Amino acid sequence: MADVRVWPARKFVGSPNVPGDKSISHRGLIFGALANGRTVISHLLESEDVQSTARVLTNLGVTIKKEDGKTIVEGRGPEAFRQPASILDCGNSGTTMRLMMGVMAGVPQLQCEMTGDASLVKRPMKRVAAPLQLMGAQFELRNGDFAPLKVSGRNLKAIDYELKIASAQIKTAIMLAAISAAGTTRISGEIHSRDHTERLLNHFGVKVSSNSKEVLVTGGQKFTPNNLNVPGDPSTAAFWLAGAALVENSNLELKNISLNPTRTGFIKVLERMGVIIETEVTETIPEPVGNIRIRSGKLRGVTVAEAEVPSLIDELPMLAVLATQAHGKTVVTGAEELRVKETDRIEAVAKNLRAMGAKIETTPDGFIIEGPQKLKGARIDSFHDHRIAMAFSIAALVADGENVIHGSECVGISYPEFFTILAELTQ
Ligand code: S3P
């Protein structure tokens with residue numbers, strides 16, 4: 001397990017290129033594979049999670065290759081998917097497993113097994129299988145909820161489904177199954193999670209109608225190949241924004257970042273904390289994209305409640321670190337989903353903050369942190385979770401003394417160059 005040492009910074013400045021958005025990269029590969037023809041993807045995220053999606057699609061017979069730095073998907077539609085020779089390994093990637101469950105549920109010629117690494121086989125999958133079973137899909141889950149799992153493709157029928165968890169992965173799995181189902185599927189309830197699937201399905205020629213109350217998808221539609229330029233990932237940008245917000249005399253400019261309103265929760269929270277941050281939207285179709293500028297400043301505590309949580313779910317570990325340096329109380333509620341991510345992120349944050357000498361009160365669905373508090377250098381455990389490793393590397397910039405990030409190699413899940421860029425930005 002690789003240890004990386006991180007020391008306090010005097011300044012955090014630069015204009016790093018932020019790698020492609022992970023959610024959009026997964027969808028670009030999958031939608032390209034479902035279309036009949038050639039899709040060219042620029043700025044695809046090159047990381048282990050996205051490679052997991054590429055590997056699963058390749059095992060189903062899809063050709064994916066690199067040409068001149070771009071990713072080419074030679075799709076032939078789901079009808080051409082072939083029976084994989086072995087179990088489909090989704091690695092650490094919940095998005096790969098859940099989205100592909102939705103795809104494969106409706107491909108009648110397929111009978112597949114899916115698994116993942118030690119973390120993924122502990123994450124709940126019934127939440128995806130249950131609505132798909134209502135559509136007629138056939139699943140066998142280990143202990144009724146987990147991978148390894150088996151899926152046998154079926155001819156599906158549309159459903160009217162009220163989503164109880166604000167999860168884009170569940171919503172997307174139902175939408176993808178709905179495209180091959182007879183009739184119009186309606187999803188209502190907690191549908192306000194990230195809307196990349198809604199936007200990108202339209203980009204790939206599949207009509208989806210959505211408003212604040214429902215998402216409607218009519219079955220029998222075909223995907224049309226289309227080129228895609230993946231914007232920078234706002235959840236990755238969040239680490240650099242936090243570094244600039246925390247370290248005195250810092251400023252940073254990030255270009256070509258997704259400014260999709262379902263993903264900008266962290267920017268809004270930084271503003272409420274008193275950070276000077278400017279955004280400029282430069283493109284809107286198929287996804288809002290733009291530039292962000294930020295300067296360090298005095299931080300104040302903030303309240304984040306359930307309605308806002310999906311728009312910054314992956315940034316909450318980073319927010320916890322910021323909260324230790326903010327004046328006043330930070331309270332996060334309605335974020336129980338943090339407990340079923342790559343690790344239990346509420347416990348992982350609490351253990352590492354306590355190792356750094358900070359106080360945090362955890363609750364079943366969030367945490368309370370009173371600041372400002374001094375952080376001391378410590379041995380940090382990544383818990384094999386990329387976002388924990390990165391959040392605590394940023395915490396190290398304002399700690400007192402040396403920090404050792406244990407299990408640092410997990411940053412490869414979403415940002416293999418993280419430590420190289422961290423060194424470049426730190427002065
Ligand atoms: C993702 C959705 C989120 C997020 C994950 C990627 C996606 O999960 O945490 O990193 O690409 O749809 P949930 O929507 O299931 O909470």
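Do we have Ile267 as of a type in the set (Val, Ile, Thr) and either surrounded by fewer than 20 Cβ atoms within 10 Å (Cβ to Cβ) or free of Cβ contacts under 8 Å to residues at least 12 places away in the same chain (or both) here?
Taking the combined requirement at face value, the residue does not satisfy it.
Going by what's in this entry, would Val128 be described as buried (at least 16 other Cβ atoms within 10 Å of the Cβ), away from the ligand (no atom under 16 Å from the Cβ) and either touching a residue at least 60 places away in the same chain (Cβ under 8 Å) or not acidic (Asp, Glu) (or both)?
no
Identify the residue in region 302-314 that is more than 19 Å from the chain's Cα centre (by Cα) and open to solvent by 20 Å² or more (accessible area, probe 1.4 Å) and, among all such residues, is nearest to the ligand (Cβ to nearest atom).
Top of the filtered list is Ala305.
Are any of the residues in region 57-64 open to solvent by less than 20 Å² (accessible area, probe 1.4 Å) and closer than 29 Å to Glu417 by Cβ?
Yes, because at least one residue in region 57-64 is open to solvent by less than 20 Å² (accessible area, probe 1.4 Å) and closer than 29 Å to Glu417 by Cβ.
Return yes or no: is Leu375 at pLDDT 95 or above and either surrounded by fewer than 23 Cβ atoms within 10 Å (Cβ to Cβ) or within 26 Å of the chain's Cα centre (by Cα) (or both)?
Spelling it out, it is not the case that Leu375 is at pLDDT 95 or above and either surrounded by fewer than 23 Cβ atoms within 10 Å (Cβ to Cβ) or within 26 Å of the chain's Cα centre (by Cα) (or both).
All but one of (1) open to solvent by 10 Å² or more (accessible area, probe 1.4 Å); (2) more than 30 Å from Ile87 (Cα to Cα); (3) within 16 Å of the ligand (Cβ to nearest atom); (4) more than 18 Å from the chain's Cα centre (by Cα) hold for Asp145; which doesn't?
(2)
With within 16 Å of the ligand (Cβ to nearest atom) and open to solvent by 10 Å² or more (accessible area, probe 1.4 Å) as the only criterion, which of Glu198, Glu248, Glu214 stands out?
Glu198
Would a scan of region 69-85 turn up a residue that is under 30 Å from Thr343 (Cα atoms) and open to solvent by 50 Å² or more (accessible area, probe 1.4 Å)?
no
Within region 162-191, track down each residue that is within 16 Å of the ligand (Cβ to nearest atom), open to solvent by 30 Å² or more (accessible area, probe 1.4 Å) and in contact with a Ser or Thr (Cβ under 7 Å, 6 or more places away or on another chain).
Across region 162-191, the qualifying residues are Ala166, Gln169.
Among residues belonging to region 1-52 that are over 25 Å from Pro286 (Cα atoms) and among the small types (Gly, Ala, Ser), point out the one that is farthest from the chain's Cα centre (by Cα).
Ala9
Looking at region 318-347 only, could you name the residues that are in a helix (DSSP H, G or I) and touching a Leu at 6+ places or on another chain (Cβ under 8 Å)?
Answer for region 318-347, where residues must be in a helix (DSSP H, G or I) and touching a Leu at 6+ places or on another chain (Cβ under 8 Å): Leu319, Ala320, Val321, Leu322, Thr324, Leu338, Arg345, Ile346.
Please list, ordered by first then second residue, the pairs with beta carbon atoms under 7 Å, 6 or more apart or interchain, first in region 16-31 and within 13 Å of Ser42 (Cβ to Cβ), second within 11 Å of the ligand (Cβ to nearest atom) and open to solvent by 10 Å² or more (accessible area, probe 1.4 Å).
Close Cβ pairs satisfying both conditions: none exist.
Check Thr236, Thr224 and return the single one that is among the polar types (S, T, N, Q) and either under 18 Å from Ala173 (Cα atoms) or open to solvent by 20 Å² or more (accessible area, probe 1.4 Å) (or both).
Just one listed residue meets the conditions, Thr224.
The values are calculated or read from the model by the stated rules, or taken from the named source; none is laboratory data. Because the structure is predicted, anything quoted here is derived from the model rather than measured. Quick reminder, even Gly has a Cβ in these numbers, built from the backbone with ideal geometry, and neighbours come from all protein chains shown. Keep in mind that these areas ignore ligands, DNA and RNA; they rest on the heavy atoms of the full protein, side chains included. Shrake-Rupley method; radii C 1.70, N 1.55, O 1.52, S 1.80 Å.
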